[in-house]
1. Restricted to segment 20-42, and to residues that are part of a loop (DSSP other than H, G, I, E, B), surrounded by 12 or more Cβ atoms within 10 Å (Cβ to Cβ) and of a type in the set (D, E, K, R), which residue is nearest to the chain's Cα centre (by Cα)?
2. Run down Asp24, Asp18 and say which single residue is in contact with a helix residue (DSSP H, G or I) (Cβ under 9 Å, 6 or more places away or on another chain) and charged (D, E, K, R).
3. Looking at (1) under 17 Å from Asp104 (Cα atoms); (2) loosely packed, with under 12 Cβ neighbours inside 10 Å, can you tell me which one Arg51 breaks?
4. Take the conditions touching a residue at least 12 places away in the same chain (Cβ under 8 Å), under 19 Å from Thr5 (Cα atoms) and touching a Lys or Arg at 6+ places or on another chain (Cβ under 9 Å) and apply them to Phe39. Does it pass?
5. Every residue in segment 87-115 that is at pLDDT below 75 and surrounded by 14 or more Cβ atoms within 10 Å (Cβ to Cβ), please.
6. Name every residue in segment 43-66 that is touching a residue at least 40 places away in the same chain (Cβ under 8 Å) and either outside any strand (DSSP E or B) or over 23 Å from Gly77 (Cβ atoms) (or both), in order of residue number.
7. Tally up the residues in segment 54-69 that are surrounded by 18 or more Cβ atoms within 10 Å (Cβ to Cβ) and either over 17 Å from Val93 (Cα atoms) or acidic (Asp, Glu) (or both), please.
Amino acid sequence: MIQLTPHMRVLVAVAPADFRRGIDGLAALCRAEFHSDPFGGTVFVFRNRRRTAVKCLVYDGQGFWLLHKRLSKGKFGWWPSAVEQQRSRALEVHEVQVLLSGGDPRGVKSAAMWRRIDGQAA
């Protein structure tokens, strides 16, 4: 069973992906478009063109997980947009959980994931 935990790195594809792609096709997309190693444990999140489905690809050390969620009704209303020609955008795990539930992670209030506690400036 795969579980999203706070220490995981998550990259969300800004543009829609071809959902005919399987594990190998999405892994190749991770290498070519995101310049990221699909074997590194990063969770990659993709959406289809109509915004009705999401696929997540992650390697757990033994093999790949390919998760596919299709909404029964409606569409994913919010999706990250490109910032300075980026093809993917990093999100925190709690933001991805909201996104996968069809919500808008921008409205989620949470504490910073890390902050210096020794009093020195960063």
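The values are calculated or read from the model by the stated rules, or taken from the named source; none is laboratory data. Since this is a predicted model, take the numbers as computed values, not measurements. Cβ coordinates were reconstructed from backbone atoms using ideal geometry, including for glycine residues, and neighbour counts include every protein chain displayed.
1. The residue in question is Asp37.
2. That would be Asp18, the only listed residue that is in contact with a helix residue (DSSP H, G or I) (Cβ under 9 Å, 6 or more places away or on another chain) and charged (D, E, K, R).
3. Only one criterion is unmet by Arg51, namely (2).
4. Values: touching a residue at least 12 places away in the same chain (Cβ under 8 Å): yes; under 19 Å from Thr5 (Cα atoms): yes; touching a Lys or Arg at 6+ places or on another chain (Cβ under 9 Å): no.
No, not satisfied.
5. Residues satisfying the conditions do not exist here.
6. Within segment 43-66, Val58, Asp60, Phe64, Trp65, Leu66 meet the criteria.
7. 0
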